[in-house]
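What follows draws every value from the coordinates through simple rules; no lab data is involved. All values derive from a computational prediction rather than experimental measurement. Here the Cβ positions follow ideal geometry from the backbone for every residue, glycine too, while neighbour counts run over all protein chains shown.
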Amino acid sequence: MKSNNTAITIRRATSDDVADLVRLQRMMFEAVGFNGPADFNALEEAAAAYFTHAIAEGAYQGWLAVTESGWPVAAGGLVVQQHPPSPDNLSGQVAYIANVVTDPEYRGQSIARRLVQTMLRWASDRGITQVALHAPDDRHALYEMLGFKASNEMRLNLA
């Protein structure tokens, strides 16, 4: 059953939320076309180990959108990366947004936008002036609405 947006609360993810973060991350990868149970089994194991360690260490800052009953229906997180200082970013800190996903039954309620706005406030409150992310083509409108601009990043996969 679809809930209305006012019943959804955004809260910080904790180590107790690792299973839900893994479940929602899998949902995200399935939505963009990755499939294959063997790959997902390995991914879930690796993701659980990562979230367990990174949340405890403070390396991953995560948020969940939960229903009134406490069921997580969306997630997002960020990692603060330390880069060398540059003229437009003297601290060198870049907040990288990752794993933004909403359960298909709850899409169209601006939950992802609320999650991203929460993450942007968190970064801004800490003096972080640059935020980066990678988004599928069908999600560009959401991020452009929030002020994100396309960049000139290039990527090489060595594996």
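Assorted remarks:
- Summing Cβ point charges (Lys, Arg +1; Asp, Glu -1) relative to the Cα centre of the chain gives a dipole of roughly 440 debye.
- Our summary gives the range 5-145 a relative contact order of 24 percent, counting only alpha carbon pairs under 8 angstrom and 6 or more residues apart.
- Residue among Val100, Ala42, Tyr143 farthest towards the positive dipole end of the chain, charges placed on Cβ: Tyr143
- Label positions at Ala7 and Asp88, each projected 7 Å from the Cα along the C-beta direction, are separated by 4.3 nm.
- The range 92-107 versus the range 54-73: alpha-carbon centroid distance in Å: 11
- Virtual spin-label span in nm between Met145 and Ala42, 7 Å along Cα→Cβ: 3.7
- For P(r) over Cα pairs in 10 Å bins from 0, in percent, the value calculated from this model appears in (i) 10, 37, 38, 14, 1; (ii) 11, 41, 38, 9, 1; (iii) 7, 11, 10, 9, 7, 7, 6, 6, 6, 5, 5, 5, 4, 4, 3, 3, 2, 1, 0 under label (i).
- Rounded if a/c under 1.5, otherwise prolate or oblate - the range 29-107, Cα gyration tensor axes: prolate
- Helix-only [θ]222 nm of the chain, DSSP H runs n ≥ 4, -39500 (n - 2.57) each, per residue, nearest 500: -11500 deg cm²/dmol
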